[in-house]
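All remarks here apply to the structure that follows.
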Amino acid sequence: MEDRGNERPGTGRITVEGRANERPGTGRIRVEDRGNERPGTGRITVEDRGDERPGTGRITMEDRGNERPGTGRITMEDRGNERPGTGRITVEDRGNERPGTGRVTVEDRGNERPGTGRVTVEDRGNARLETGRIPIEGHAMTTRREPGPRSREIIAREARHIAPGYQSFALYSGLAMARGSGCRLWDEDGNEYIDFIAGIAVGSIGHCHPHYVEALKRQTERLTFGSFTTETRARFLELLGSVTPEGLTRIQLFSGGAEAVEAALRLAKAATKRQEVIGFWGGFHGKTGGVLGLLGSDFKHHQGPFLPGQYSTPYADCYRCPLRLRYPDCGIACAEYVRDVIRFQTAGEIAAIIVEPIQGTAGNVVPPDGFLRAIQSVARDHGALFFADEMITGFGRTGSMWGMDHEGVVPDIMTVGKGVGGGFPLAGVVSTDALVSAKPWSNPSFSSSSYGGNPLASAAGLAALEIILKEDLVANAERVGAIMLAELGRLKEKYRTVGEVRGRGLLLGIELVEDRQSRRPLDKKITLDLYQECLRRGLVSMTYSPTIRINPPLVITEELAREGLAILDEALGVVLRRHGRD
Ligand SMILES: Cc1ncc(COP(=O)(O)O)c(C=O)c1O
């Protein structure tokens, strides 16, 4: 159907009837007038999908630029087995046109009819918002979101059964999420959010990346469980082994971070025939019994006694130096302090020193240059293995493939998790040929688990890594991260409660303080309020704590990063004013 030039597009009702098994383009199209609007403008293309049901073809309507209000591009895509016309519709304005400009998105809700989905309109300057036949809500970024009836109802149902203690960001949100795409989330009431959490640095490739979805679908149809060798796992390990630090090409897979860290600790003990391990204040490695003693936070409180032989020592958290010194005059005294811990507190039989290249849970704390290298020296000097827990920092998050790359140090053992699976529960221990041969770790079934490296996990890991490499997400993390850090610097200039901003790549942190002198953390009542104000404006970010962590998916664009930070800025202004801290 060809454009008729002077008519308005998109106003008729369109029905498509496919012919089951025919070839593309053989569907039948009928356009009906609706009231006083004329039909059939714009260009319409229908592509049949052969074996689908009538009406499941794809329809594209394109405007011709110089038409009257309501022009723009309309795309309607079916969803396989849904009813005709229930696909997604997008209308894009052309900037300087008359009312009806703005960007309109209509999304169906599965089995509903066109136009009954949620509609979002983003105004562009002073253009009016055109509703046409479609109900349209107001400007996306100024629409205030509150947990709606669907979220409230689902949460109430779940609350009757779910045990307390689940992740704070989910708990405090009061939202039930329906779906995600890239760096955006939609809750069950159709509210849209920018995602600065990414499941706490899990979602490296964003939500529902098409390549990832396709790979998992394909694998689900072929083989889903069992730890037999599969082509998928072989390809995944080959690809992973090609990006790990030099010499670290032996990998064992697991389904959770703490499980992988514990397996790595068993490996260190097997390889060195020693039992003692040193961790760091502020460190986090999971919540299972074998790692609790190595945590440097109140996660371990009231859970003792811990495994014997576990010690912890101050990390290079320069904003709140545990040794009350100042970098660089301190000479990174905390690294040297480890030697004293070994000398005075241990039996001198250290199997490993476990360290995060950047401490994630502590608030994305970046140690000064030289700290990691100094820790490696201490380990070497004491015959201990240097164990890097790259669970958060790995796979490009910090703007290089590994957090340790920034100092050019190669650990003896590394653990990976989170971003490696792109959301699928997947973690791993990575080490050298020589170390993984240690007994009993290397005996049949001694380092394995039921789910480790199962076909689905391997497909997820392979797809995620392929995306990270193909889309050069490591470089994106470095570039967008640098822009975000600069923007955070502006927040520090603007608000006296912002005590410090820091980060590397897309692993960023903000310290909110009562005053810059004392560096006392800002009252949590205020930060909980900040979390709600961010949510209302469409941003999910870990702002409920005075130590804010920002770790969006690595696919985030500069534009969306700026949009999210603008929301944070606005929310901070409102909340600080409300609590008299501006
Ligand atoms: C550095 C680090 N190691 C280990 C873990 C534990 O991972 P999981 O929660 O999958 O057990 C985490 C989780 O946040 C982490 O940040």
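None of the figures in this text is laboratory data; all of them are computed from the coordinates on show. Note that the structure is predicted; figures quoted are calculated from it, not measured. Backbone-built Cβ (ideal geometry, glycine too); neighbour counts: all protein chains shown.
Taking the highest mean first, how do the peptides 300-310, 493-503, 397-407 order by number of other beta carbon atoms within 10 angstrom per residue?
Put in order of decreasing packing, that is 397-407, 493-503, 300-310.
Rounding to the nearest 20 debye, state how big the charge dipole of segment 210-470 is about its Cα centre with +1 on each Lys and Arg Cβ and -1 on each Asp and Glu Cβ.
Using only the charged Cβ atoms, the result is roughly 400 debye.
Reachable lysines from Lys269, Cα under 17 Å, same-chain residues fewer than 8 places away excluded?
Answer for Lys269, where 17 Å is the Cα cut-off: Lys439, listed by chain and number.
Of Thr393, Thr527, how do they rank once you tally other Cβ atoms within 10 Å and put the fewest first?
Taking fewest neighbouring Cβ atoms as first place, the list is Thr527, Thr393.
For Lys524, give me every one of the lysines with a C-alpha distance below 24 angstrom, ignoring sequence neighbours fewer than eight places off in its own chain.
Lys287, Lys300, Lys492, Lys494
Lys217: which lysines have alpha carbons under 25 Å from its alpha carbon, excluding same-chain residues fewer than 8 sequence positions away?
Cα-Cα hits under 25 Å: Lys418, Lys470.
To make sure I understand, if each residue's beta carbon is the centre and we count other beta carbons within 10 Å, what order do Ser545, Ser518, Ser431 fall in, fewest to most?
The fewest-first ordering by Cβ neighbours comes to Ser518, Ser545, Ser431.
Quick one: order Cys534, Cys318, Cys183 by neighbouring beta-carbon count within 10 Å, fewest to most.
In order of increasing Cβ crowding within 10 Å: Cys318, Cys183, Cys534.
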